[in-house]
Amino acid sequence: MKKIAVILVMLTFLTSCNEEVQISFEDTFIETTKEAKISIDIPRATGTASVASTINKVLEAHVANQTNMANDSVKDQSIDDAIQKFNYEYTSFKNDFPESPQQWEALIDGEVTYQTPEIISIAINSYLDTGGAHGNTVVKFFNFNGQTGAPLEKKDLINNMEAFSKVVAQRFQTETKPNNEQETMEDFFFGEQFKLPESIGFSDEGVVILYNTYEIASYAQGITEFTIPFAEVEAYLNVR
């Protein structure tokens with residue numbers, strides 16, 4: 001009887017170890033124009049519960065913080081709470097300046113750009129306009145461990161930062177094609193040496209390098225984005 005019990009325990013253990021992590025994505029769409037104009041369309045992870053929950057918490061926290069007028073990170077704030085707060089700030093603005101024609105906007109959308117059993121890469125594009133000469137667009141890549149859902153930083157993705165940076169710097173010079181031959185790398189990075197963007201992403205074509213407005217050059221430069229094929233940098237990557 002004891003032998004049977006031991007065998008059952010071992011079979012249960014082996015079965016649980018062999019369970020594959022299954023993660024897929026569906027769209028979460030929220031739109032309201034009653035007060036401020038708000039549109040949110042982001043992927044939501046489904047499947048293996050613990051992994052999906054970890055991914056969704058990170059994405060939802062980022063979206064909630066994009067509408068935070070205080071520009072500080074707020075923990076445990078839901079997207080619904082963030083929308084209510086943004087609308088409250090807009091209503092207060094309209095009460096203070098009733099003749100202002102300014103319509104506040106928060107437009108956020110995301111997509112899964114790359115997914116393998118090892119890594120999941122998601123891009124979130126946020127556009128926020130609360131007055132001024134123009135709105136502000138920010139794109140951020142989130143990379144997750146495909147088996148645990150844990151967020152991955154650049155140091156987790158790249159095993160040789162110096163060699164990887166050299167490849168990116170060479171491609172950056174080619175992609176930007178400065179009009180002035182006297183323009184140096186420092187001119188793009190506000191007097192500093194070349195540096196990688198705050199976040200990098202992945203697509204089927206390779207590693208996505210994206211510099212947001214104000215990361216390099218001036219606002220007029222806009223977003224600078226290019227893709228480096230995997231074959232050129234795979235020796236420096238921890239994941240694929």
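No value in this document is a laboratory result; all are computed from the given coordinates. Predicted, not measured: the structure shown is a model, and the values here were computed from it. For neighbour counting, all protein chains shown are included, and Cβ atoms are generated from backbone atoms with ideal geometry for every residue, glycine included.
Over 30 Å between Cα atoms, which of Lys37/Lys57; Lys57/Lys154; Lys85/Lys140; Lys57/Lys177; Lys57/Lys85 qualify? Going by Cα-Cα distance, Lys57/Lys177 fall outside the 30 Å limit.
Expressed as a fraction of 2.2 N^0.38 Å, the rule-of-thumb size for a compact globular protein of N residues, what is the C-alpha radius of gyration of segment 88-171?
On the way: Rg = 19.4 Å, N = 84, 2.2 N^0.38 = 11.8 Å.
Compactness ratio reported: 1.64.
About its Cα centre, the dipole of the chain is roughly 960 debye, where the only charges are +1 on Lys and Arg Cβ and -1 on Asp and Glu Cβ.
Between Ala163 and Thr116, what is 0.36 nm times their sequence separation minus the Cα-Cα distance? Round to one decimal in nm. Mind showing how you got there, number by number?
Working: separation 47, 0.36 × 47 = 16.92 nm, distance 2.46 nm.
Answer, rounded to one decimal: 14.5 nm.
Translational diffusion of the chain, estimated by Stokes-Einstein from the Kirkwood radius over alpha carbon pairs at 4 °C in a medium of 1.567 mPa s, is 63 µm² per second. Here the relative contact order of segment 94-240, from alpha carbon pairs under 8 Å that lie six or more residues apart, stands at 21 percent. Paramagnetic label reach from Ser39 (point 7 Å along Cα→Cβ; backbone nitrogen cut-off under 11 Å): within segment 92-113, residues 106-109. The distance separating the Cα centre of segment 131-164 from that of segment 20-68 comes to 17 Å. Whole-Hz Karplus values for segment 101-118 come out as x, 4, 10, 6, 9, 9, 10, 10, 9, x, 8, 7, 8, 6, 8, 9, x, 8 Hz, taken residue by residue from phi with 6.51 cos²θ - 1.76 cosθ + 1.60 and θ = phi - 60°; glycine and proline positions read x. Adding -39500 (n - 2.57) for every DSSP H run of four residues or longer, then dividing by how many residues the chain holds, sets the calculated 222 nm ellipticity at -10500 deg cm²/dmol.
Can you give the FRET efficiency to the nearest 0.05 for Asn125 and Thr184, using r as the Cβ-Cβ distance and R₀ = 41 Å?
Numbers: r = 30 Å, r/R0 = 0.74.
The calculated FRET efficiency here is 0.85.
For segment 79-96, the Karplus equation 6.51 cos²θ - 1.76 cosθ + 1.60, evaluated at θ = phi - 60°, returns couplings of 5, 4, 5, 5, 5, 4, 5, 5, 5, 5, 5, 5, 4, 5, 4, 5, 5, 6 Hz by residue, with Gly and Pro reported as x.
With +1 on the Cβ of every Lys and Arg and -1 on the Cβ of every Asp and Glu, and nothing else charged, how large is the dipole of segment 106-240 about its Cα centre, in debye rounded to the nearest 20? Could you put the intermediate results ahead of the total?
Details: 8 positive and 20 negative charges, 44 e Å.
Here segment 106-240 has a charge dipole of around 220 debye.
Among 110-118, 97-105, how do they line up by average Cβ neighbours within 10 Å per residue, starting with the highest? The partial results should precede the final answer.
Numbers: 110-118: 15.6, 97-105: 11.4.
Sorting 110-118, 97-105 by mean packing, highest first, produces 110-118, 97-105.
Any chance you could run the full-extension gain for Ala231 through Tyr214? It's 0.36 nm times the residue separation minus the Cα-Cα distance, nm to one decimal. This chain segment gains 3.1 nm when fully extended.
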